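Right, one structure below, let's go through it.
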Amino acid sequence: MQVENKNVVITGGAGGIGSALARALVNKDANVVVSDLNLDAAQAVAEEIGGFAVQCDVSKEDGIVNLIEQAEGKYGPVDIFVSNAGFGVGEPDHVASASNDVW
């Protein structure tokens, strides 16, 4: 995948897979927005990689709208959105068992 000069938003970007992906994409010359519920942690990753941090609670639609608005205000239209933030609800052996209302 060509990511050079692409605008990428990564939710759950303050740690784990999200921060690793943010680092990898920046190394491929993408513009990266690091989003996380923990703004301090998102800012630390963004500062490290030269990206942009936005706090976002992905369980709230207005939070996602704000995230996209801030990302587009910084870099322009979003080319890639990585929905990496996670929260578990449902049966322990099958998290996708949660109802649509819960999701």
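Here are the numbers:
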{"read-out": "FRET efficiency, 1/(1 + (r/R0)^6) with R0 35 Å, evaluated for SER59 and GLU4 via beta carbons", "value": "0.60"}
{"read-out": "Surface accessible to a 1.4 Å probe, LEU67 within the full protein complex, Å²", "value": "0 Å²"}
{"read-out": "Phi-based couplings in Hz for segment 59-71 (Karplus 6.51, -1.76, 1.60; Gly and Pro marked x)", "value": "7, 10, 4, 5, x, 5, 4, 4, 4, 5, 4, 5, 4"}
{"read-out": "Long-range HN-HN contacts of ALA53 with modeled amide H, under 5 Å", "value": "VAL34"}
{"read-out": "FRET E, pair ASN38, ASP101, Förster distance 25 Å, beta-carbon r, rounded to 0.05", "value": "0.45"}
{"read-out": "Segment 1-90 - percent of accessible surface contributed by carbon and sulfur, probe 1.4 Å", "value": "48 percent"}
{"read-out": "Residues of type lysines that LYS6 reaches as a straight line, Cα spacing below 21 Å, ignoring anything fewer than 8 places off in the same chain", "value": "LYS28, LYS74"}
{"read-out": "1.4 Å probe accessible area per residue over segment 7-53, in Å²", "value": "44 Å²"}
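The values are calculated or read from the model by the stated rules, or taken from the named source; none is laboratory data. These numbers were taken from a predicted model, which means no experiment stands behind them. Backbone-built Cβ (ideal geometry, glycine too); neighbour counts: all protein chains shown. Accessible surface areas use protein heavy atoms only, side chains included; no ligands, DNA or RNA. Shrake-Rupley method; radii C 1.70, N 1.55, O 1.52, S 1.80 Å.
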